[in-house]
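Asker: Input: one structure, supplied below.
The values are calculated or read from the model by the stated rules, or taken from the named source; none is laboratory data. Computed from a predicted model, the values in this text were never measured in an experiment. Here the Cβ positions follow ideal geometry from the backbone for every residue, glycine too, while neighbour counts run over all protein chains shown. Ligands, DNA and RNA are excluded from the accessible area calculation, which covers all protein heavy atoms including side chains. Shrake-Rupley method; radii C 1.70, N 1.55, O 1.52, S 1.80 Å.
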Amino acid sequence: MCQLGRIGKIHRVSCAIGDGPSGGPFGKQEPPPELDWNLWLGPAPKVDYRPQRCHGNFRWWYEYSGGKLTDWGAHHVDIAQWAIGMDRSGPTSVEVVSGKLPVRFENGYPTSTTASTRPPRSR
């Protein structure tokens, strides 16, 4: 374990997570009677209800989340910091390796309202 010095001096730690899921286009539906869809949307753009846009899947839509990085990224960084004995500190830097958006944005919002998308994989 690093905290005991068994792997030597650490010069750099990198954390990474894979892509989020993608899919669609998804067809619109009537929201379930127990769901107030307009209340659920809050200040996000008003769009038709699709089950794939809410509850656990909201994180794959740019209108509601930053994707897998904002959903899981902090946990991966936290685990790495714990492993090197720096769990009471923050990262000293964060580097974006890929920042490609999968759809065109207009007025700060993605132009696709029917598909959950992710950036294409780097080759």
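Asker: Within the stretch 22-30, does at least one residue satisfy the condition of being farther than 21 Å from Thr111 by Cα, modelled with pLDDT of 80 or more and open to solvent by 40 Å² or more (accessible area, probe 1.4 Å)?
Answerer: Looking through the stretch 22-30, at least one residue is farther than 21 Å from Thr111 by Cα, modelled with pLDDT of 80 or more and open to solvent by 40 Å² or more (accessible area, probe 1.4 Å).
Asker: If a residue must be under 13 Å from Gly24 (Cβ atoms) and either open to solvent by less than 30 Å² (accessible area, probe 1.4 Å) or in contact with a Cys (Cβ under 6 Å, 6 or more places away or on another chain) (or both), how many such residues does the stretch 36-53 contain?
Answerer: Residues flagged as under 13 Å from Gly24 (Cβ atoms) and either open to solvent by less than 30 Å² (accessible area, probe 1.4 Å) or in contact with a Cys (Cβ under 6 Å, 6 or more places away or on another chain) (or both) within the stretch 36-53 amount to 3.
Asker: Would you check which residues across the stretch 83-110 are in a strand (DSSP E or B) and at pLDDT 70 or above and list them?
Answerer: Correct list: Phe105, Glu106, Pro110.
Asker: Could you figure out which of (1) closer than 30 Å to His11 by Cβ; (2) modelled with pLDDT of 80 or more; (3) surrounded by 16 or more Cβ atoms within 10 Å (Cβ to Cβ) isn't true of His76?
Answerer: (3)
Asker: List the residue pairs whose Cβ atoms are under 7 Å apart, where the first residue sits in the stretch 6-22 and is among the hydrophobic types (A, V, I, L, M, F, W, C), the second is part of a loop (DSSP other than H, G, I, E, B), and the two are 6 or more positions apart or on different chains.
Answerer: Ile10/Ile84; Val13/Ile84
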